[in-house]
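Asks: Have a look at this one.
The values are calculated or read from the model by the stated rules, or taken from the named source; none is laboratory data. The shown structure was predicted, so the numbers you read here are calculated from the model rather than taken from an experiment. Neighbour counts run over all protein chains shown; Cβ positions are idealised from the backbone, glycine included.
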Amino acid sequence: MPIFTVRPMTAADLPAVLAVQAQCYGETLLESEAALASRLALSPDTCWVAPDPGQASALAAYLFTHAWPESSLPPLDGVLSRQHGNADHDTGHLTWFVHDMAVAPAGRGTGLAGLLYRAASVAAVEAGLRRSRLIAVQSAAAWWRRLGYAPLDAGTAAPHAAKLASYGAGAVIMERRLAA
């Protein structure tokens, strides 16, 4: 089995990210390079990749995360700006939003998802974020539960129903507290 490592993502990784994304998602969940680049620019310390040791310039997995106001959800395939992530918000009203993690077939079953998550979560906690949210898609909620995430209660999730629908049938908003 190959040995995988993780490292912070760079803009040069985006073409390989798009290749992994295409292997992992149906057409309705594919995001543009511009949308993903905006997430990287918003929070480069919490976006990580795992190079594929078997293929030069290919990735086995990636993770995009960023701070986001707790009162809303980021748009799927939307270009974000600094204003979206933290302007006019202190960290008490921001959540660490885990936007997208994908593991290519070459990296599945190797623990890469956990490695990426742990690396990014250290940076999120160091930035003062104490809560995390995500939208689980493609039946991934069970995996996220193993990391301590739980679905939002119906009342808290209700204002987000329209935006949540853009993430596809069965998408679930989940949250957890982060260790300080």
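Asks: Determine whether H89 is assigned to a helix (DSSP H, G or I) and at pLDDT below 95.
Replies: Against the criterion (assigned to a helix (DSSP H, G or I) and at pLDDT below 95), H89 does not qualify.
Asks: So which residues in the range 3-25 are surrounded by 15 or more Cβ atoms within 10 Å (Cβ to Cβ) and without any contact (Cβ under 8 Å) to a residue 24 or more places away in the chain?
Replies: Within the range 3-25, L18 is the sole residue that qualifies.
Asks: In addition: In this structure, does A154 turn out to be surrounded by fewer than 12 Cβ atoms within 10 Å (Cβ to Cβ) and more than 25 Å from V20 (Cβ to Cβ)?
Replies: yes
Asks: Confirm whether A119 is closer than 21 Å to G168 by Cα and of a type in the set (A, V, I, L, M).
Replies: no
Asks: For the range 38-52, enumerate the residues that are in contact with a helix residue (DSSP H, G or I) (Cβ under 6 Å, 6 or more places away or on another chain), farther than 20 Å from A140 by Cα and either β-branched (V, I, T) or part of a helix (DSSP H, G or I) (or both).
Replies: L42, D45, T46 - these are the residues of the range 38-52 that are in contact with a helix residue (DSSP H, G or I) (Cβ under 6 Å, 6 or more places away or on another chain), farther than 20 Å from A140 by Cα and either β-branched (V, I, T) or part of a helix (DSSP H, G or I) (or both).
Asks: Okay, next question. What is the residue count in the range 123-147 for residues that are surrounded by fewer than 16 Cβ atoms within 10 Å (Cβ to Cβ) and under 20 Å from V103 (Cα atoms)?
Replies: Residues that pass the stated criteria total 6.
Asks: Something else about it: Would you confirm, using the coordinates I've provided, whether T28 is outside any strand (DSSP E or B), exposed (fewer than 13 other Cβ atoms within 10 Å of the Cβ) and touching a residue at least 60 places away in the same chain (Cβ under 8 Å)?
Replies: Numbers: outside any strand (DSSP E or B): yes; exposed (fewer than 13 other Cβ atoms within 10 Å of the Cβ): yes; touching a residue at least 60 places away in the same chain (Cβ under 8 Å): yes.
Yes.
Asks: Just to be sure I understand, how many residues within the range 146-175 are in contact (Cβ under 8 Å) with a residue 40 or more places away in the chain and closer than 12 Å to A136 by Cβ?
Replies: Step one: list which residues in the range 146-175 are in contact (Cβ under 8 Å) with a residue 40 or more places away in the chain, which gives 160, 163-164, 166-168, 173-175.
Pick out the ones that are also closer than 12 Å to A136 by Cβ and you get 164, 167-168, 173-175.
Matching residues across the range 146-175 total 6.
Yes or no, residue by residue, for (1) modelled with pLDDT of 90 or more; (2) assigned to a helix (DSSP H, G or I):
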{"position": "Q83", "(1), (2)": "no, yes"}
{"position": "M101", "(1), (2)": "yes, no"}
{"position": "T110", "(1), (2)": "yes, no"}
{"position": "A142", "(1), (2)": "yes, yes"}
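Asks: Among (1) in a loop (DSSP other than H, G, I, E, B); (2) in contact with a Lys or Arg (Cβ under 7 Å, 6 or more places away or on another chain), which single condition is F64 missing?
Replies: (1)
Asks: Among the residues of the range 167-180, is there at least one that is exposed (fewer than 15 other Cβ atoms within 10 Å of the Cβ), of a type in the set (D, E, K, R) and assigned to a loop (DSSP other than H, G, I, E, B)?
Replies: No; the residues of the range 167-180 include none that is exposed (fewer than 15 other Cβ atoms within 10 Å of the Cβ), of a type in the set (D, E, K, R) and assigned to a loop (DSSP other than H, G, I, E, B).
Asks: Can you name every residue in the range 44-63 that is among the hydroxyl-bearing types (S, T, Y) and within 15 Å of M101 (Cα to Cα)?
Replies: Answer for the range 44-63, where residues must be among the hydroxyl-bearing types (S, T, Y) and within 15 Å of M101 (Cα to Cα): T46, Y62.
Asks: Also, quick follow-up: Does L134 qualify as being hydrophobic (A, V, I, L, M, F, W, C), within 16 Å of the chain's Cα centre (by Cα) and under 20 Å from V20 (Cα atoms)?
Replies: Spelling it out, L134 is indeed hydrophobic (A, V, I, L, M, F, W, C), within 16 Å of the chain's Cα centre (by Cα) and under 20 Å from V20 (Cα atoms).
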